[in-house]
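Here the structure comes first, spelled out in structure tokens, and everything after it is commentary.
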Amino acid sequence: MMAVPSSRTPQVAMVGGGQLARMTHQAAIALGQNLRVLVNSADDPAAQVTPNVVIGSHTDLDDLRRIAAGADVVTFDHEHVPAELLDKLVAEGVVLAPPPQALVHAQDKLVMRRRLQALDVPVPRYLGIHQLEELGELDAFARELDAPLVVKAVRGGYDGRGVQMARDLADARDIASGYLAGGVPVLVEERVQLRRELSALVARSPFGQGAAWPVVETVQQDGICVAVIAPAPALSAQAGADAQQLALRLAAELGVVGVLAVELFETTDGALVVNELAMRPHNSGHWTMDGSRTSQFEQHLRAVLDYPLGDTEAIAPVTVMTNVLGAAAQPAMSLDERLHHLFARMPDARVHLYGKDERPGRKVGHINFLGFDPAAVAGLRERAELAAHWLSHGQWTDGWDPHG
């Protein structure tokens, strides 16, 4: 006899209630699903839009059990769940996507560096230091490198947090000592001579199907991504294909389920070096919400549920995404009024706001612009940056006056 298909709607649970969970829930609605989220408070971005909320902590096993109860799969909008809690959930039969043995490569920079090196993947030259007594190894490492140094906390950190550029060896020692004194191991590595930063975004299902979006350029300011250009301008077809294949290979080798972002340095001599990994929807993929046939958020849901993956083709020759960051001083004009003025000037702006209070440097939304002339990237980027600055500050940097 043929099996009778179940009429039950799949239940995906997501640990974390930030903007990534919020936008994943929006994608879930289109698929007829109801995302359950573990949030810190009822004011979290995801809690504002989904009724299926568990208020608790990602460091509390009982709260994690509550979010996992009855779910087909549990996934994440951040990498900060302690590994020992993930192992306990797996032992209890909870399906995690990505699984802990994959996720650890996004949680621990030293584990990631060592594994990638073992896979013959280009990474910056590095040194891991776990305690103050090992700090003497830094001197020999610095002499061998004879290059500027970067000091990173092995765990935690995002948007530039936990990453510090050392002025010299003495500064590197001071930075590392500060982390180590607090019980935080560090990764010290060479500061790569780079031309720009890129991101290769892919997805992988438990079945092993993989899909890659076009490689993008990410524009960083003070360690925070401020803009993404898709596809990366002036990146050769071969280099783009190589980056996509590298990301797909890493997804398979590490056992990733869901979206994987491989952050890359393009060096001044054209080589690609892996910087970071993220195993979740990623800021560098926000352009896909309007610029690709399948957004990263829908694709993540497809992947963790082992659905066939969606088409990743771009729907315009170029898409520019700019992040809306909280201004140093709160604008006199309300965000809603700023939005009104933006649409009056730029009706093609695709705005995505996160429901977050505005604070200096905080990501409160992003804007996508689609361009149909691949030769006009600079102009499109200028418009996108104008729009983001306006939403952040309530000021047009080009002096535009709607009443002039």
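The values are calculated or read from the model by the stated rules, or taken from the named source; none is laboratory data. What you see is a predicted model; the values in this text were computed from it and never measured. Glycine gets a Cβ as well: all are built from the backbone with ideal geometry, and neighbour counts include every protein chain shown.
Residues of the range 333-368 being of a type outside the set (Asp, Glu) and assigned to a helix (DSSP H, G or I), which ones? Step through it out loud before you land on a result.
Here is the first cut: in the range 333-368, the residues of a type outside the set (Asp, Glu) are 333-335, 338-347, 349-356, 359-368.
Scanning the range 333-368 gives Leu335, Arg338, Leu339, His340, His341, Leu342, Phe343, Ala344, Arg345.
Given the criterion assigned to a helix (DSSP H, G or I) and either under 20 Å from Ala118 (Cα atoms) or among the polar types (S, T, N, Q) (or both), identify the matching residue among Ala252, Ala239. Steps first, please.
Values: Ala239 fails: either under 20 Å from Ala118 (Cα atoms) or among the polar types (S, T, N, Q) (or both).
Sole residue among the options that is assigned to a helix (DSSP H, G or I) and either under 20 Å from Ala118 (Cα atoms) or among the polar types (S, T, N, Q) (or both): Ala252.
If you check Ala13 against the conditions, is it outside any loop (DSSP other than H, G, I, E, B), touching a helix residue (DSSP H, G or I) at 6+ places or on another chain (Cβ under 6 Å) and not β-branched (Val, Ile, Thr)?
Considered against the rule, which asks whether it is outside any loop (DSSP other than H, G, I, E, B), touching a helix residue (DSSP H, G or I) at 6+ places or on another chain (Cβ under 6 Å) and not β-branched (Val, Ile, Thr), Ala13 comes out as yes.
Output the residue which, of all residues in the range 75-95 that are assigned to a loop (DSSP other than H, G, I, E, B) and of a type in the set (Val, Ile, Thr), is nearest to Arg302 (Cα to Cα).
This residue is Val95.
Which is touching a strand residue (DSSP E or B) at 6+ places or on another chain (Cβ under 8 Å), acidic (Asp, Glu) and within 28 Å of Gly365 (Cα to Cα), of Asp72, Asp43, Asp77? Quick ask: steps written out before the conclusion?
Values: Asp72 fails: within 28 Å of Gly365 (Cα to Cα); Asp43 fails: touching a strand residue (DSSP E or B) at 6+ places or on another chain (Cβ under 8 Å).
Among Asp72, Asp43, Asp77, only Asp77 is touching a strand residue (DSSP E or B) at 6+ places or on another chain (Cβ under 8 Å), acidic (Asp, Glu) and within 28 Å of Gly365 (Cα to Cα).
Report whether or not Pro98 is in a loop (DSSP other than H, G, I, E, B), within 26 Å of the chain's Cα centre (by Cα) and closer than 10 Å to Leu187 by Cβ.
Taking the combined requirement at face value, the residue does not satisfy it.
Of everything in the range 242-254, what is more than 18 Å from the chain's Cα centre (by Cα) and either closer than 17 Å to His300 by Cα or buried (at least 20 other Cβ atoms within 10 Å of the Cβ) (or both)? Give them in sequence order. So that I can check it myself, show each step before the final result.
Of all residues in the range 242-254, those more than 18 Å from the chain's Cα centre (by Cα) come to 242, 245, 249, 252-253.
Answer for the range 242-254, where residues must be more than 18 Å from the chain's Cα centre (by Cα) and either closer than 17 Å to His300 by Cα or buried (at least 20 other Cβ atoms within 10 Å of the Cβ) (or both): just Ala252.
Just to be sure I understand the filter: pairs with C-beta atoms under 7 Å, separated by 6 or more residues or on different chains, first member in the range 95-121 and over 16 Å from Pro82 (Cα atoms) and not assigned by TED's automatic domain parsing to the domain that holds Asp72, second member in a helix (DSSP H, G or I) and among the acidic types (Asp, Glu). Which pairs pass?
Short answer, once both residue conditions are applied: Leu119/Glu253.
Checking the structure you have, find out if any residue of the range 322-330 is among the hydroxyl-bearing types (Ser, Thr, Tyr) and within 23 Å of Asp373 (Cβ to Cβ).
Yes; the residues of the range 322-330 include at least one that is among the hydroxyl-bearing types (Ser, Thr, Tyr) and within 23 Å of Asp373 (Cβ to Cβ).
Applying the selection to the range 32-51, what residues are modelled with pLDDT of 95 or more and surrounded by fewer than 20 Cβ atoms within 10 Å (Cβ to Cβ)?
Of everything in the range 32-51, those that are modelled with pLDDT of 95 or more and surrounded by fewer than 20 Cβ atoms within 10 Å (Cβ to Cβ) turn out to be Asn40, Ser41, Ala42, Asp43, Gln48, Val49.
Do we find that Thr397 is out of contact with any strand residue (DSSP E or B) (no Cβ under 6 Å at 6 or more places or on another chain), among the hydroxyl-bearing types (Ser, Thr, Tyr) and in a loop (DSSP other than H, G, I, E, B) in this structure?
Yes, satisfied.
Specify the residue that is surrounded by the fewest Cβ atoms within 10 Å (Cβ to Cβ); the eligible residues are those in the range 255-267 that are under 19 Å from Leu301 (Cα atoms), out of contact with any Ser or Thr (no Cβ under 9 Å at 6 or more places or on another chain) and among the β-branched types (Val, Ile, Thr).
Filtering the range 255-267 for residues that are under 19 Å from Leu301 (Cα atoms), out of contact with any Ser or Thr (no Cβ under 9 Å at 6 or more places or on another chain) and among the β-branched types (Val, Ile, Thr), the one surrounded by the fewest Cβ atoms within 10 Å (Cβ to Cβ) comes out as Val256.
Please state which of the following conditions Gln330 fails to meet, knowing it meets all the rest: (1) in a strand (DSSP E or B); (2) at pLDDT below 95.
Going through the list (1) in a strand (DSSP E or B); (2) at pLDDT below 95, Gln330 breaks only (1).
Could you please find all residues in the range 322-353 being under 27 Å from the mean Cα position of the chain (by Cα), exposed (fewer than 15 other Cβ atoms within 10 Å of the Cβ) and of a type in the set (D, E, K, R)?
Asp336, Asp348
Go through the range 287-300 and count every residue that is in contact with a strand residue (DSSP E or B) (Cβ under 6 Å, 6 or more places away or on another chain) and surrounded by 24 or more Cβ atoms within 10 Å (Cβ to Cβ).
Count: 6.
Please state which one of Gln101, Gln26 is of a type outside the set (Phe, Trp, Tyr), surrounded by fewer than 17 Cβ atoms within 10 Å (Cβ to Cβ), within 22 Å of Gln299 (Cα to Cα) and at pLDDT 95 or above.
Gln101
Taking the criterion of being under 14 Å from the mean Cα position of the chain (by Cα) and on the phi > 0 side of the Ramachandran plot, would at least one residue in the range 223-233 satisfy it?
Going residue by residue through the range 223-233, those that are under 14 Å from the mean Cα position of the chain (by Cα) are 223-228.
Subsequent filtering for residues that are on the phi > 0 side of the Ramachandran plot retains 223.
Looking for residues that are under 14 Å from the mean Cα position of the chain (by Cα) and on the phi > 0 side of the Ramachandran plot, one finds at least one in the range 223-233, hence yes.
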